[in-house]
Amino acid sequence: MAIERTLSIIKPDAVKKNVIGKILSRFEDAGLNISAMRFALLSKDDAAGFYAVHKTRPFFNDLVEFMTSGPVCIQVLEGEDAIKKNRELMGATDPKQADTGTIRADFAESIDANAVHGSDSAENAAIEIAYFFPSMNVYSK
Ligand code: IDP
Ligand code: MG
């Protein structure tokens with residue numbers, strides 16, 4: 001398996017719940033390294049640019065509203081099969097459908113406020129990492 005990088009965001013609901021550390025532990029316990037991290041209070045343009053692939057979806061405005069409702073904690077995760085591994089740790093988009101023991105099952109309330117973002121492909125991971133982190137701010141172990 002290849003060493004990959006993926007972009008993770010701890011969304012405003014999880015930051016407000018004070019569970020950043022618990023979520024980061026899930027990544028580390030699964031063998032993923034935190035290779036970059038920052039907080040941000042996204043503007044509407046920041047959030048709309050990040051979620052541009054969803055701009056024609058009916059939930060787009062609500063998604064931008066939610067992602068700008070408070071600070072987020074953004075990290076690059078690195079490790080073997082990191083993109084898929086993170087998606088497995090996250091669980092399904094709708095926390096009601098998420099498997100027991102996943103981040104969304106344990107920390108998310110609804111499909112809007114679902115605790116975490118994770119890149120869904122290698123191509124999107126590269127785009128999303130570059131959106132938030134200059135390469136000099138991402139380290140490899
Ligand atoms: P993902 O976060 O599991 O990759 P996506 O389909 O990429 O899910 O959707 C991006 C985000 O948009 C979701 O995490 C969720 O917050 C929001 N979202 C997706 N589908 C819906 C919906 O049907 N209603 C409201 N919000 C949604
Ligand atoms: Mg997605």
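The values are calculated or read from the model by the stated rules, or taken from the named source; none is laboratory data. All values reported here derive from a predicted model rather than from experimental measurement. In this analysis, Cβ positions are derived from the backbone assuming ideal geometry, glycine residues included, and neighbour counts consider all displayed protein chains. Calculation scope for accessible area: heavy atoms of the full protein, side chains included, ligands and nucleic acids excluded. Shrake-Rupley method; radii C 1.70, N 1.55, O 1.52, S 1.80 Å.
Tabulated values for the structure
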read-out	value
At most 15 other Cβ within 10 Å, DSSP loop - chymotrypsin sites (Phe, Trp or Tyr not before Pro), the stretch 45-141	59, 139
Solvent-accessible heavy-atom area per residue, rounded to whole Å², over the stretch 27-141 at 1.4 Å	54
Magnitude of the charge dipole, the chain, Cβ model with Lys/Arg +1 and Asp/Glu -1, debye to 20	220
Restricting the stretch 1-55 to trypsin sites (Lys or Arg not before Pro) in coil, as DSSP defines it, with at most 15 other Cβ within 10 Å	55
Cross-link partners of residue 85 among lysines (Cα-Cα below 27 Å; sequence separation of 8 or more within a chain)	11, 16, 17, 22, 55, 96, 141
Carbon plus sulfur fraction of accessible area for the stretch 80-129, probe 1.4 Å, in percent	47
